[in-house]
1. Quick one: would you say Leu153 is in contact with a Leu (Cβ under 6 Å, 6 or more places away or on another chain) and in the same structural domain as Leu40 (by TED's automatic domain parsing)?
2. Take the residues of the range 33-60 that are in contact (Cβ under 8 Å) with a residue 24 or more places away in the chain and exposed (fewer than 14 other Cβ atoms within 10 Å of the Cβ): which is nearest to His3 (Cα to Cα)?
3. For Thr200, only one of the following conditions fails: (1) assigned by TED's automatic domain parsing to the domain that holds Leu19; (2) outside any helix (DSSP H, G or I). What is its number?
4. With the requirement that a residue be surrounded by 15 or more Cβ atoms within 10 Å (Cβ to Cβ), under 24 Å from Leu186 (Cβ atoms) and hydrophobic (A, V, I, L, M, F, W, C), what does the range 112-151 give you?
5. Applying the selection to the range 79-111, what residues are surrounded by 15 or more Cβ atoms within 10 Å (Cβ to Cβ) and under 19 Å from Lys184 (Cα atoms)?
6. Of all residues in the range 116-147 being part of a strand (DSSP E or B) and among the hydroxyl-bearing types (Ser, Thr, Tyr), which is modelled with the lowest pLDDT?
7. Which of the numbered conditions does Val209 fail, given that it passes all the others? Conditions: (1) assigned by TED's automatic domain parsing to the domain that holds Ile253; (2) within 22 Å of the chain's Cα centre (by Cα).
Amino acid sequence: MVHLVVGGGIVGTFLASTLAKNGGRVLLKARSALRKEAALVAAKAGVEVVQSFEPVVERLRTGALPQLDAIFIATKTYSLAEAAEQLACAGPALRPRLATIGCYNGHVLGVEALFEEAVGGPFCKSLVPGGYTFRADGSGFDVTNAGQKWSLLSTRPEMRELARDMTRLGVATVTGGFEADARKYLVNTTANLVSVISNTNCHGLVSNVALLNRMRHIFREAVTVLRASPVHASHMPADVSLDELEEQVLSGIASYGAHYPSSCKDFRAGRPVEVDSLNGYIVSIGRQLGIPTPFNAAVVDDVRIVLAQADSLLSGAFDTAAQPLPPPPMPFAADAILSTLRVPRRFNITPGALQRASLTLGAEAGALQARLQAGIKKQQSAFSHQPAVALCSRAAGGAAGGGRRGDGGAAVGAAGGAAVGAAGNALATH
């Protein structure tokens, strides 16, 4: 059997390499060159990595490659439309024999029709269980809550055949699993964006009283909306009270321990963060149903503020006449950092200087973060100041990325280093 995985992130690489090392023929379509750890894992497993659909289509047309059995879409939700458009442009040669499967967190309205029109044939979403982290040496993955089965959210015969093939190739998979997917979605919606704001792993989320209370409110709103939705009501866990379901979801979050939710990992690495498919989806559906969602709306607003501040910093949007930031809905220590930064709009530096800036910031990031943490511990409300540490982490991630991309991220981070340190000292002595 031949499978095509679209998306070279951690989930796509995990799926492709696991299927391939157990005897599957797998092509992995990545937007650009894979990160080092992913490239090592993919090569070791025998995955064929491509950056365009054109050579795949040509081989399919000439018979050099048998018909695809399945396509797995393992991009982030904000890239689903782009993936569908590219598949549609590639033409009917890519139509798989069995199905197209979406491997992503959250919900996106209309995605099934989008891919069925773009590719042809059935589409369904897959529950992707557990949490995945690349090992630094490129030897594979660390999987939190390993042993849980993937689930194709359909009972169609094609999906049952595909589930059997995935299981044979090392990815234990079942069909159905609608209630399990609802629980996973509630875990993601309850925890992911709160972890971005607080820069906290799963253990920290359930150990902090303020964060825990906020997550409880977010969870209850989400359940109210989903139970009222004609699309989701029948898939919600049955025969369980709201209190029992809440404890199950919070226990699920706690079971991830030191694992950082994917949204927080993306934020710390300077990548886009999924918002609209998580709490943003609850806000949107609640608005359609006339159900207020103030707690989900608040976490969406807070995340967008942190993202805007961090992205402005990394893109060099602050110049010597920097305008003050709009006041956020809660106090952020990040404001103290950003208000001291004076970053030029343009950078004219050599690659060597950029690399040195990246290395300098990388070496200092741990110390800066420790100083910020020390200041935070002296505050009466640790929750309100944690975004400062998150912003420091994102600046470090952006700087490292800047060194690879050749953009101004590292220069911004290096230029801001002294200011971040000064803000940390100010917090530590507050």
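The values are calculated or read from the model by the stated rules, or taken from the named source; none is laboratory data. Predicted model only: the values in this text are computed from it and were never measured. As a convention, Cβ positions derive from the backbone with ideal geometry for all residues, glycine included, and neighbour counts pool all protein chains shown.
1. no
2. Only one residue fits best here, namely Glu54.
3. Here Thr200 meets the rest and fails (1).
4. Passing the criteria: Phe123, Cys124, Leu127, Val128, Val143, Trp150.
5. Passing the criteria: Ile101, Gly102, Cys103, Tyr104, Asn105, Gly106, His107, Val108, Val111.
6. Looking at residues that are part of a strand (DSSP E or B) and among the hydroxyl-bearing types (Ser, Thr, Tyr), I get Thr144.
7. Looking at each condition in turn, Val209 falls short on (2).
Yes/no per residue for (1) in contact with a Leu (Cβ under 8 Å, 6 or more places away or on another chain); (2) assigned to a helix (DSSP H, G or I); (3) buried (at least 21 other Cβ atoms within 10 Å of the Cβ); (4) among the basic types (Lys, Arg):
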{"site": "Gly170", "(1), (2), (3), (4)": "yes, no, no, no"}
{"site": "Val187", "(1), (2), (3), (4)": "no, yes, yes, no"}
{"site": "Leu211", "(1), (2), (3), (4)": "yes, yes, yes, no"}
{"site": "Ile218", "(1), (2), (3), (4)": "no, yes, yes, no"}
{"site": "Arg227", "(1), (2), (3), (4)": "no, yes, no, yes"}
{"site": "Pro230", "(1), (2), (3), (4)": "no, no, no, no"}
